[in-house]
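Chemist: My questions will all concern the structure given below.
The values are calculated or read from the model by the stated rules, or taken from the named source; none is laboratory data. Since the model is a prediction, treat every value here as computed from it, not as a measurement. Every residue, glycine as well, gets a Cβ built from its backbone with ideal geometry; the counts of neighbours run over all protein chains shown. With ligands, DNA and RNA removed, areas are computed over all heavy atoms of the protein, side chains included. Shrake-Rupley method; radii C 1.70, N 1.55, O 1.52, S 1.80 Å.
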Amino acid sequence: TIRQAQALLARQGIVRLVSGRGAFLEREPGEEPLRLRLMEVDYRDLLDIKMWLEQLAIRRAAERATAQDLDTLSACAENLRRDALKGRYFMATDRAFHTQLLHCAGSHTMSQLVLGLIDALNEYTPWLEGTEAIWLKTVPYHVDICTALHQGRVSAALAAHEYIHLLDLDVLAKLDQLT
């Protein structure tokens, strides 16, 4: 019970757990940063908002991205693929991909919104068992987005993105099972 309570407080950012040393207060329980207030909303709503904004980003990237922008996006996808071949998935590498996709769309505001949502959602998923296996399944679709954008096939890029969203919903289902 104590471990579960400590884990909950750590997920809420109230304490920081240090193996072999204990739990340390990070902030007062009443001090909720914006990202924690955002997390009081329905996770599915956050994922849907993220999906819609990223779909807009894909459409804009198809119109605005330079060949160099798309090459950089492909390099990010290749980093994801290379790690996946070794059975590894790094959120930082995924974030770099999404950051570049948003850069290709040419909207700083959209980038801030989507990356804020990604960071808020990612903060609550690393402690879920089995999420890495789900994230690894998204990697080919990241590559498909790049290929489709390079070929000017927006609908194919959007379809690949939809598969990523469906896998994100699998993670959400795991979260729902815990609550």
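Chemist: Which residue is farthest from Glu123 (Cα to Cα), if the candidates are limited to region 1-33 and must be of a type in the set (Lys, Arg) and at pLDDT 75 or above?
Modeler: Taking region 1-33 as the starting set, the residues that turn out to be of a type in the set (Lys, Arg) are 3, 11, 16, 21, 27.
Cutting the leftovers down to at pLDDT 75 or above gives us 3, 11, 16, 21.
On the way: Arg3: 19, Arg11: 8, Arg16: 13, Arg21: 22 Å.
Among residues in region 1-33 that are of a type in the set (Lys, Arg) and at pLDDT 75 or above, the one farthest from Glu123 (Cα to Cα) is Arg21.
Chemist: As an exercise: evaluate Thr131 against (1) over 18 Å from Thr66 (Cα atoms); (2) modelled with pLDDT under 90; (3) open to solvent by 40 Å² or more (accessible area, probe 1.4 Å) and give the number of the one condition it does not meet.
Modeler: (3)
Chemist: Could you list, in sequence order, all residues of region 38-88 that are modelled with pLDDT under 90 and not in a helix (DSSP H, G or I)?
Modeler: Answer for region 38-88, where residues must be modelled with pLDDT under 90 and not in a helix (DSSP H, G or I): Met39, Glu40, Val41, Asp42.
Chemist: Do you know which residues across region 142-169 are more than 19 Å from Tyr43 (Cβ to Cβ) and open to solvent by less than 40 Å² (accessible area, probe 1.4 Å)?
Modeler: Those that are more than 19 Å from Tyr43 (Cβ to Cβ) and open to solvent by less than 40 Å² (accessible area, probe 1.4 Å): His142, Ile145, Cys146, Ala148, Leu149, Ala156, Ala157, Leu158, Ala160.
Chemist: Within region 50-71, work out how many residues are among the β-branched types (Val, Ile, Thr) and crowded, with 18+ Cβ neighbours inside 10 Å.
Modeler: First, pick out the residues of region 50-71 that are among the β-branched types (Val, Ile, Thr): 58, 66.
After this cut, where a residue has to be crowded, with 18+ Cβ neighbours inside 10 Å as well, the list is 58.
Result for region 50-71: 1.
Chemist: When the residues of region 93-109 are narrowed to those that are over 12 Å from Ala77 (Cα atoms) and in a helix (DSSP H, G or I), which ends up most open to solvent (accessible area, probe 1.4 Å)?
Modeler: Here is the first cut: in region 93-109, the residues over 12 Å from Ala77 (Cα atoms) are 102-109.
Okay, now just the ones that are also in a helix (DSSP H, G or I), so 102-105, 108-109.
On the way: Leu102: 2, His103: 104, Cys104: 3, Ala105: 1, His108: 133, Thr109: 89 Å².
Per the stated criteria, the residue is His108.
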